[in-house]
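Chemist: I'd like to ask some things about the structure below.
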């Protein structure tokens, strides 16, 4: 009988350990997140992200890269928080526009991107026009940008400032909506 006792004790301890790991008591699990906290948790975090997006014809339309992308999937839509995002737009083989900002938020799988914090949009190749503002909304697939914030456009020594902007990046058409002031130096 003595030889069976250690074996029975070991089997009982292993069984108890397995049961305990499969269904631990709530006291040992710690605080459980609420449904609201669970819904706010990131689904995916990517560092040094770079994506390429192509037109329907198969040519490179634009690239997006960021220091960090934090992706959230919600019931009705998705959102990606971007840190130091940069976008480059192409027409054929040529680069046409480059954007940079401190942060950004991409909605609905990148259909709409809101750039914030020292936003810079430069026409390529340089020297070309440069736009700067604090916040702008870009629809990358349409190559369209708009803002209701103050915008400064520079082209060499020439400078235009105004409030609000609509820009068709495909057609290189920029419209400032109000309070326009310009300084122009003849060449």
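Since every read-out is calculated from the coordinates, none of them should be taken as a lab result. These numbers come from a predicted model, not from an experiment. No Cβ is skipped: glycine too gets one built from the backbone with ideal geometry, and neighbour counts run over all protein chains shown.
Chemist: So between residue 46 and residue 172, what do we pick up on full extension, going 0.36 nm a residue minus the alpha carbon distance?
Modeler: Residue separation times 0.36 nm, minus the Cα-Cα distance, leaves 42.1 nm.
Chemist: If neighbour count is taken as other Cβ atoms inside 10 Å, put 113, 88 in order from fewest to most.
Modeler: Result, fewest neighbours first: 88, 113.
Chemist: Another question about this same structure. Figure the gain on full extension for residue 73 and residue 93 (residue separation times 0.36 nm, minus the Cα-Cα span) and round it to one decimal in nm.
Modeler: That works out to 3.8 nm of additional length.
Chemist: In the set [x] 33.5; [y] 20.2; [z] 17.2, which value of Kirkwood radius over Cα pairs in Å was calculated from the structure you see?
Modeler: Of the listed options [x] 33.5; [y] 20.2; [z] 17.2, [y] comes from this structure.
Chemist: Given R₀ = 45 Å, FRET efficiency for residue 149-residue 57 by Cβ-Cβ distance, to 0.05?
Modeler: 0.85
Chemist: Sort 10, 151 by Cβ crowding within 10 Å, fewest neighbours at the top.
Modeler: The most exposed by this proxy come first: 10, 151.
Chemist: Let me ask another. Under the rule of -39500 (n - 2.57) per DSSP H run of 4 or more residues, summed and divided by the residues of the chain, what mean residue ellipticity at 222 nm is obtained, to the nearest 500 deg cm²/dmol?
Modeler: Dividing the helical sum by the residues of the chain leaves -4500 deg cm²/dmol.
Chemist: If you count, for each residue, the other Cβ atoms within 10 Å and average over each peptide, how do 154-162, 134-142 line up from highest to lowest?
Modeler: Output ranking for 154-162, 134-142: 134-142, 154-162.
Chemist: Could you grab the relative contact order for the chain? Cα pairs under 8 Å, six or more apart, rounded to a whole percent.
Modeler: It comes to 10 percent, rounded to a whole number.
Chemist: Among 46-53, 57-64, how do they line up from the highest to the lowest mean number of other beta-carbon atoms within 10 Å?
Modeler: 57-64, 46-53
Chemist: May I ask you to compute the full-extension gain from residue 112 to residue 11, defined as 0.36 nm times their residue separation minus their alpha-carbon distance, rounded to one decimal in nm?
Modeler: 30.4 nm
Chemist: Output the peptides 118-128, 77-87 sorted from most to least packed, where packing is the average of other Cβ atoms within 10 Å over each peptide's residues.
Modeler: Ranking the peptides 118-128, 77-87 by packing returns 77-87, 118-128.
Chemist: Return one number: the angle in degrees, 0 to 90 and rounded to the nearest 10, between the long axis of the Cα atoms of helix 4-22 and the longest principal axis of the Cα atoms of the chain.
Modeler: Approximately 30 degrees, to the nearest ten.
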